[in-house]
Amino acid sequence: MSLKVFNMVKSQINKISKQHNINKNISAILQSPNTIIQTNFPVKINNEYKMFQGYRVQHNNICGPYKGGLRFNENVDINEVSALATWMTLKCSIQDLPYGGGKGGIAINPYDYNKDEMENICRAFTRSMYKQIGSNVDIPAPDVGTTSEMMNWMTDEYDKLSVSSFNISNQKATFTGKSLEYGGSKGREEATGTGVAICVKEWAKKKNIDLKDKTFIVQGFGNVGSFAAKKMESYGMKMIAVGDHTGYLYNKDGFSVNDLNNYIKEHKSLEGYHLGERVNKQNFFALETDVCVPAALEMEITESVAENLKCKLIVEGANGPLTENADKICFEKNIDVIPDILANSGGVLVSYFEWLQNKQDYYWTLEKVLNKLDLNMTDAFDKIYNISLKNNSNMRDACYYYSLKRIETIYNKRGIH
Ligand code: NAD
């Protein structure tokens, strides 16, 4: 499956490069990561050493240091991480950030380990990739299964190693997505989901749609899904169905996002929540609704799921939630799709703000962060929407077009044609 995901992103780069005459060599460079790092490291679990395998894919750094999350999930493998790293290069370019793309992870279920074990895994992983990362080289962040606390442990471990090796301290900017006391940015936690919702708001403006009382469904009620839902609820919208790895719930009168958040804080998943009727995944996606927010994993909306979709808009909180065929079906059914590399780019945007604040050791107010997030997301949405009108394409193709063109220009400036 993960090979399919990596092939999907490469085929999209290929398609848009051919359509718009992007330099063949540059297109080829972008279809292979610069560096693939695989580390093996031992961690003591239950008084015995267990070997773990960590990955870091550094896809491309022509625009700046590699930037991208670390995923802890059982399905992590080199192809999945390569696809996610490639999307990061494209995503950072859409937001005009001085970053390239990277991604990493470990194939584990984070829920299998207690807090001490998880801290040891994070610290050992950091030691194993210490020489290959850094605030001007490669800057990891959280993704599925990783949290701000894990970024704190990693930052602390990186700092210790820097002091002992080079007597350099204060390496906070090597990781983003940290807690405030470790140099995190105000607004980083809600950034990705809020950015997703801002895209919905901008889409509605273009279409002259009043979002009040419109409905939405969310697959994946983690960081991205829950904050997107919170912001969309603040527009007067109603979440009528929600799902996570334990199942899906439907309630025609809507769910309270706040109440669900409190429940999940305590119970870790939706399982056992008192409200709503249980539905299966197929029926969840087939619900009559205005907006569908996939915010879990890749390839969740397959061809057969897409055939039954009844929404007007899909906003991709997750990376790669639609297969290529599902994407085509949505286009044929006139369902708009705001693609991942635009819709969820608020996360890396505020990671950039965090990095800037760390570099300057000067911290911004929440208001400033959220205003800038809104401004940048709105500008990026406008820019891509206008390209899609001009090129007579969907927004995904417009995103790839903008991103690839910008990267090509930077290569050209360095004399690479
Ligand atoms: P998370 O770990 O906080 O939440 C993931 C959610 O998905 C959880 O509710 C989990 O139960 C659910 N889930 C997992 N497997 C599922 C399955 N098989 N079916 C249904 N639900 C399932 O992760 P997150 O940070 O919210 O990331 C979600 C997606 O957004 C990922 O694709 C990630 O790459 C992308 N993303 C995240 C960020 C960020 O800042 N966190 C930024 C950009 C993109």
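Overview of values
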item	result
For segment 388-396, 3J(HN,Hα) per residue [Karplus equation, 6.51 cos²θ - 1.76 cosθ + 1.60, θ = phi - 60°, Hz, x = Gly/Pro]	4, 5, 5, 8, 6, 10, 7, 6, 5
Lys372, Lys115, reordered so the largest accessible area comes first (probe 1.4 Å)	Lys115, Lys372
For segment 80-131, average projected area of the Cα convex hull in nm²	4.8 nm²
Taking only Cα atoms of the chain, radius of gyration then Dmax in Å	20.6, 62
Projected label distance in nm at Lys268 and Asn170, using a 7 Å step from Cα toward the beta-carbon	3.9 nm
Residue-averaged [θ]222 nm for the chain, counting only DSSP H segments that reach four residues, each worth -39500 (n - 2.57)	-15500 deg cm²/dmol
Rounded if a/c under 1.5, otherwise prolate or oblate - segment 250-358, Cα gyration tensor axes	oblate
Under 5 Å, built H, 5+ apart or other chain: amide partners of Ile45	Lys50
Order of exposure, largest accessible area first, which applies to Glu119, Glu233 with probe 1.4 Å	Glu233, Glu119
Exposure of His20 as accessible area (Å², to 10), given a probe of 1.4 Å and all protein chains	50 Å²
Per residue value of the accessible surface for segment 322-417 (all protein chains in place, 1.4 Å probe), Å²	46 Å²
Length added when fully stretched, Asp213-Asn371, from 0.36 nm per residue minus Cα-Cα	54.4 nm
Relative contact order [Cα under 8 Å, 6+ residues apart], the chain, whole percent	16 percent
Sorted peptide list for 249-257, 380-388, 143-151, criterion being average Cβ within 10 angstrom, highest first	143-151, 380-388, 249-257
Within-15-Å neighbourhood charge of Lys115 [Cβ basis; K, R +1; D, E -1]	-3
Carbon and sulfur %, accessible surface of the chain computed with the full protein complex present, 1.4 Å	47 percent
Charge dipole (segment 282-413, unit charges on Cβ, about Cα centre) - positive-most of Leu342, Tyr363, Asn319	Tyr363
Net charge of neighbours whose Cβ lies under 15 Å from the Cβ of Phe331, counting Lys and Arg as +1 and Asp and Glu as -1	-3
Neighbourhood net charge (14 Å Cβ-Cβ; Lys/Arg +1, Asp/Glu -1) for Leu370	+2
Global geometry of segment 307-417, whether rounded, prolate or oblate, following the gyration tensor of its Cα atoms and the 1.5 cut on a/c	oblate
Karplus-derived 3J(HN,Hα), 6.51/-1.76/1.60, for each residue of segment 179-189, Hz, glycine and proline x	6, 4, 5, 9, x, x, 9, 4, x, 5, 4
Solvent accessible area, Å² - Phe6, 1.4 Å probe, full protein context	20 Å²
Volume of the Cα convex hull of segment 94-158, divided per residue and given in Å³	99 Å³
Per-residue HN-Hα couplings for segment 139-155 [Karplus 6.51, -1.76, 1.60; θ = phi - 60°; Hz; x = Gly/Pro]	10, x, 7, x, 8, 4, x, 10, 10, 5, 4, 5, 5, 4, 4, 5, 4
Alpha carbon centroid spacing (whole Å) that separates segment 227-298 from segment 199-213	20 Å
Solvent exposure, largest accessible area first (probe 1.4 Å, DNA, RNA and ligands not counted), of Ile341, Ile264	Ile264, Ile341
Above-threshold pairs, the threshold being 18 Å between Cα atoms, out of Lys91/Lys206; Lys24/Lys413; Lys50/Lys115; Lys4/Lys328	Lys91/Lys206
Residue-normalised accessible area of segment 74-226, expressed per residue, 1.4 Å probe, Å²	36 Å²
Interchain or long-range residues, amide H under 5 Å from Asn60's placed H	Asn34, Gly101
Orphan Cys of the chain, criterion: no other Cys C-beta under 4.7 Å	Cys63, Cys92, Cys122, Cys199, Cys330, Cys399
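The values are calculated or read from the model by the stated rules, or taken from the named source; none is laboratory data. In this text, all values refer to a predicted model and were calculated from it rather than measured experimentally. No Cβ is skipped: glycine too gets one built from the backbone with ideal geometry, and neighbour counts run over all protein chains shown. Just the protein is used for accessible areas: all its heavy atoms, side chains included, with ligands, DNA and RNA removed. Shrake-Rupley method; radii C 1.70, N 1.55, O 1.52, S 1.80 Å.
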